[in-house]
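The next block holds one structure in the form of structure tokens; read it before the comments.
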Ligand code: GLY
């Protein structure tokens, strides 16, 4: 089986991203290589993914003599809570997890974030492996070590940087995603094209459907993960270049908040946030007036993503006020220099709100 390997070169915290069809059946073997001291593996998944893929992971662990236990969360964002985290910790202790054992996150971004945070904190930190099964998790959240839970005050507000020992992605798991969940991940794929790779953007314009993307999925995953790992290696703790990954996210957070995290998925909110941010860039004289907004809109529409979302100024203000990218009074707002290049523009929250009002 041809396998693509990308190294996230963070020295002693470095790890590989493996991409290959059918890799789920080798999960146990690959895990043994990166966590040689682990006897026990605590798998976290959800009730949507478990019936689809857990048996294959389980069989592969059994073949290499690992002991395992599985913890099944209810599918959906609500599982990323302090209550579920506490349940996970207790279940890990009941299983007899030790500091040399390992945790596996098998699922989408919610499972990866919650299981990763549990791994970061239980017994003061144990190894974990990401096995992302959604497009969003494969191109974004499984790589880079950001793990978190949501608080009443907002998403991802309690968390850690805790790098996995391995990210193992099997693109065949994307075949079982609904169109809506697939599109959700396409929001982030389009984002990579916008901020760092015009070639990817143009490739998507030339292959504007799920079917065509899936025909080239290993190429697309490899491009996205290559960009993500490069940014993470340069700026692991998100104080510089990694902020570029937040293109479309500042306004996207406002849309998610306005819809109470139910009306809009993350990818939908990011898509509309990217179009709005591109228009703000044009109004500020940073983004070229011709082409960028039009092509971005065309691409989002092709993948069924919204390009505008209604949002009250109060929701914008709330989301921007809480934005973790701010330092002091200023916010780092990501603007496009052109398709394929972006920079973080420091501006006051008031100035950004004025730009939003002028849209
Ligand atoms: N998802 C943005 C980041 O990992 O920095």
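The values are calculated or read from the model by the stated rules, or taken from the named source; none is laboratory data. Keep in mind that this is a model prediction, so the values were computed, not measured. Here the Cβ positions follow ideal geometry from the backbone for every residue, glycine too, while neighbour counts run over all protein chains shown.
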Hey, residue 236 within 13 Å of the ligand (Cβ to nearest atom), in contact with a strand residue (DSSP E or B) (Cβ under 8 Å, 6 or more places away or on another chain) and more than 28 Å from residue 353 (Cα to Cα) or not = yes
How do the pairs read when you match residues in the stretch 223-252 that are more than 21 Å from residue 337 (Cα to Cα) with residues anywhere that are more than 9 Å from the ligand (Cβ to nearest atom) and part of a helix (DSSP H, G or I), using Cβ under 9 Å and keeping only pairs 6 or more apart or on different chains?
-> 225/138; 225/139; 236/13
Of everything in the stretch 126-141 that's farther than 19 Å from residue 230 by Cβ and assigned to a strand (DSSP E or B), which residue is farthest from the ligand (Cβ to nearest atom)?
-> 127
Would you point out the residue of the stretch 143-152, among those that are near the ligand (Cβ under 10 Å from one of its atoms) and on the phi < 0 side of the Ramachandran plot, that is surrounded by the most Cβ atoms within 10 Å (Cβ to Cβ)?
-> 143
Hey, does the stretch 209-219 have a residue that's within 12 Å of the ligand (Cβ to nearest atom) and touching a residue at least 60 places away in the same chain (Cβ under 8 Å)?
-> no
Would you call residue 167 within 16 Å of the ligand (Cβ to nearest atom), farther than 30 Å from residue 320 by Cβ, in contact with a strand residue (DSSP E or B) (Cβ under 9 Å, 6 or more places away or on another chain) and at pLDDT 95 or above?
-> yes
Inspect all residues belonging to the stretch 327-334 and state whether any of them is surrounded by fewer than 18 Cβ atoms within 10 Å (Cβ to Cβ), modelled with pLDDT under 95, out of contact with any strand residue (DSSP E or B) (no Cβ under 8 Å at 6 or more places or on another chain) and part of a loop (DSSP other than H, G, I, E, B).
-> yes
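Here is a check on your reading of the model: is residue 114 within 16 Å of the ligand (Cβ to nearest atom), over 18 Å from residue 7 (Cβ atoms), assigned to a helix (DSSP H, G or I) and modelled with pLDDT of 95 or more? Break it down into steps so the answer makes sense when it comes.
Values: within 16 Å of the ligand (Cβ to nearest atom): yes; over 18 Å from residue 7 (Cβ atoms): yes; assigned to a helix (DSSP H, G or I): yes; modelled with pLDDT of 95 or more: yes.
Spelling it out, residue 114 is indeed within 16 Å of the ligand (Cβ to nearest atom), over 18 Å from residue 7 (Cβ atoms), assigned to a helix (DSSP H, G or I) and modelled with pLDDT of 95 or more.
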Being buried (at least 17 other Cβ atoms within 10 Å of the Cβ) and more than 16 Å from the ligand (Cβ to nearest atom) is the filter here, so list the residues in the stretch 239-260 that pass it.
-> 254, 255, 257, 258, 259
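Which strands (runs of 3 or more DSSP E) sit wholly inside the stretch 17-110 and have at least 2 residues that are free of Cβ contacts under 8 Å to residues at least 40 places away in the same chain?
By residue number, 67-73.
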